[in-house]
Amino acid sequence: MKKALQPLLCGSLIVALFMMASTSVSGQTTKAEFMSKWKNSKQFTIDVLNKMPDSGMDYKTDPAAMSFKEQIHHIGNAIVGISQGFLKGGDPGFTIDLATASKADLADYVAKCYDYGTSTMEALSDADAGESIEVFGTNVTRRQVMALLMDHSTHHRGSAIAYLRVEGVEPPAFVGF
């Protein structure tokens with residue numbers, strides 16, 4: 001009886017492994033899908049910035065916290081810094097003086113940062129994107145660094161949305177795709 005079941009069990013195991021592998025592969029985001037979501041992230045960040053009245057740009061939840069405009073600026077700075085440091089990006093060719101920048105200047109800066117991140121990520125070959133590198137003491141692929149940038153942007157934009165709500169401003173509607 002055991003010998004009769006062995007081929008069935010072996011076949012079932014192979015089918016199960018194949019199904020798990022195909023599910024794993026189909027669950028991954030392609031570069032094109034990621035870049036589409038990245039474009040949405042750019043627009044959503046700018047929409048959040050544009051919702052804040054000028055009077056709320058310096059709002060902080062706590063004296064030790066970043067202000068609203070610092071949250072938005074930090075998103076852009078991280079995109080540039082991480083893209084340069086880990087995604088083979090060159091000199092972006094732009095900066096901003098946050099202390100004197102208007103809301104429109106900050107929106108332009110953040111748009112340029114996202115565009116710089118876009119061009120840097122799109123320039124990566126599949127081999128470059130899959131290369132394992134050390135980032136903040138951990139070995140990850142450049143694809144994982146791209147995901148980190150998305151998570152980081154989402155995190156700080158979420159904080160900025162909370163600032164909008166405290167200021168009595170309805171945040172822009174989320175657009176997932």
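Key figures
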| quantity | calculated |
| --- | --- |
| Verdict on LEU98 being touching a helix residue (DSSP H, G or I) at 6+ places or on another chain (Cβ under 9 Å), outside any loop (DSSP other than H, G, I, E, B) and surrounded by 16 or more Cβ atoms within 10 Å (Cβ to Cβ) | no |
| Of residues in the stretch 103-145 being of a type in the set (Lys, Arg) and closer than 22 Å to ALA32 by Cα, the one surrounded by the most Cβ atoms within 10 Å (Cβ to Cβ) | ARG142 |
| The lone exception for LEU148 - which of (1) surrounded by 15 or more Cβ atoms within 10 Å (Cβ to Cβ); (2) without any contact (Cβ under 8 Å) to a residue 60 or more places away in the chain it fails | (2) |
| Residue match in the stretch 114-128 (condition: touching a helix residue (DSSP H, G or I) at 6+ places or on another chain (Cβ under 8 Å), among the aliphatic types (A, V, I, L, M) and outside any loop (DSSP other than H, G, I, E, B)) | yes |
| Scan of the stretch 155-177 for residues that are closer than 21 Å to ALA32 by Cβ and either aromatic (Phe, Trp, Tyr) or surrounded by 14 or more Cβ atoms within 10 Å (Cβ to Cβ) (or both), ordered by number | PHE177 |
| All positions within the stretch 62-95 that are farther than 29 Å from GLY168 by Cβ, in contact (Cβ under 8 Å) with a residue 40 or more places away in the chain, in a loop (DSSP other than H, G, I, E, B) and not basic (Lys, Arg) | LEU87 |
| Filtered residue count, the stretch 124-140, keeping only those that are of a type outside the set (A, V, I, L, M) and within 16 Å of GLY89 (Cβ to Cβ) | 3 |
| Residue within the stretch 139-149 that is basic (Lys, Arg) and in a helix (DSSP H, G or I) present | yes |
| Residue in the stretch 158-167 that is in a loop (DSSP other than H, G, I, E, B) and farther than 17 Å from GLY85 by Cα present | yes |
| Verdict on LYS31 being surrounded by 13 or more Cβ atoms within 10 Å (Cβ to Cβ) and at negative phi | yes |
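The numbers here are math on the coordinates, done by the rules we state, and not lab data. In this text, all values refer to a predicted model and were calculated from it rather than measured experimentally. Note that we place each Cβ from the backbone using ideal geometry, even for glycine, and neighbour counts take in every protein chain shown.
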